[in-house]
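Below is one structure; the comments refer to it alone.
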Amino acid sequence: MEFTYNRIAVDLYEGGEDPPHDIIPRKNGELWLVPHAPISLTAKIDWRHHKREDNVYIPLYPYLIPSDPDLALGFMLQLGMRAATDLGQKLVRVHLSLGNPVNEVFQEGMGNAWQYQVGIALRIK
């Protein structure tokens with residue numbers, strides 16, 4: 001399995017019409033799946049197929065994660081594993097779109113948290 005990523009400057013999208021996103025090229029014959037809603041650890045993932053377009057559009061969604069690095073890493077691993085195992089088939093490539101910067105926010109009941117924007121695309125063919 002191949003693993004790739006891009007770092008996306010999410011502050012460039014502030015006040016614009018388009019939400020933060022990444023675009024990667026799609027070669028003929030490739031089949032990509034992209035979630036078009038934030039991924040929940042418990043709910044069904046809303047996958048969209050990209051099999052005819054020249055490019056794969058990957059929207060970034062904000063997630064509130066603990067501001068402790070070990071807990072943040074653990075949550076992101078959970079999220080990635082949830083997406084990767086949801087399909088029940090071998091993945092050819094995983095592409096992450098990582099938003100930058102990460103914002104520190106205060107969330108009632110959680111305290112300080114990081115707002116981190118992430119997008120994911122899975123190539124299965």
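What does the net charge come to around LEU64 if you take all other residues with beta carbon closer than 15 Å to its beta carbon, with K and R at +1 and D and E at -1?
Net local charge, LEU64 excluded: -3.
Report, to one decimal in Å, the Kirkwood hydrodynamic radius for the chain based on all distinct Cα pairs.
Result for the chain, one decimal place: 15.3 Å.
Using a Gaussian network for the chain with springs between C-alpha atoms less than 10 Å apart, which of these wobbles most: ALA83, ALA43, ALA113?
ALA43
Can you pull out the GluC sites (Glu not before Pro) in segment 21-120 whose DSSP state is coil and whose Cβ has at most 14 other Cβ atoms within 10 Å?
Here the sparse-neighbourhood loop sites are GLU53, GLU108.
Going by alpha carbons, how many degrees (0 to 90, nearest 10) lie between the helix axis of 69-86 and the longest principal axis of the chain?
30
Between ARG48 and TYR13, what is the spin-label point distance in nm, taking each point 7 Å from the Cα along the Cα→C-beta axis?
1.2
I need the trypsin sites (Lys or Arg not before Pro) found in segment 19-78, filtered to DSSP loop residues with at most 10 other beta carbons within 10 Å of theirs.
Here the trypsin sites (Lys or Arg not before Pro) that fit, given the DSSP loop and packing criteria, are LYS27, LYS44, ARG52.
For every other residue with a beta carbon closer than 11 angstrom to the beta carbon of ALA37, add +1 if it is Lys or Arg and -1 if Asp or Glu, then tell me the sum.
Result for the neighbourhood of ALA37: +1.
Can you give the local net charge around ARG123? Use residues other than it whose beta-carbon is closer than 13 angstrom to its beta-carbon, Lys and Arg +1, Asp and Glu -1.
+4
None of the figures in this text is laboratory data; all of them are computed from the coordinates on show. All values derive from a computational prediction rather than experimental measurement. Because the Cβ atoms are built from the backbone with ideal geometry, glycine has one as well, and the counts that use them run over all protein chains shown.
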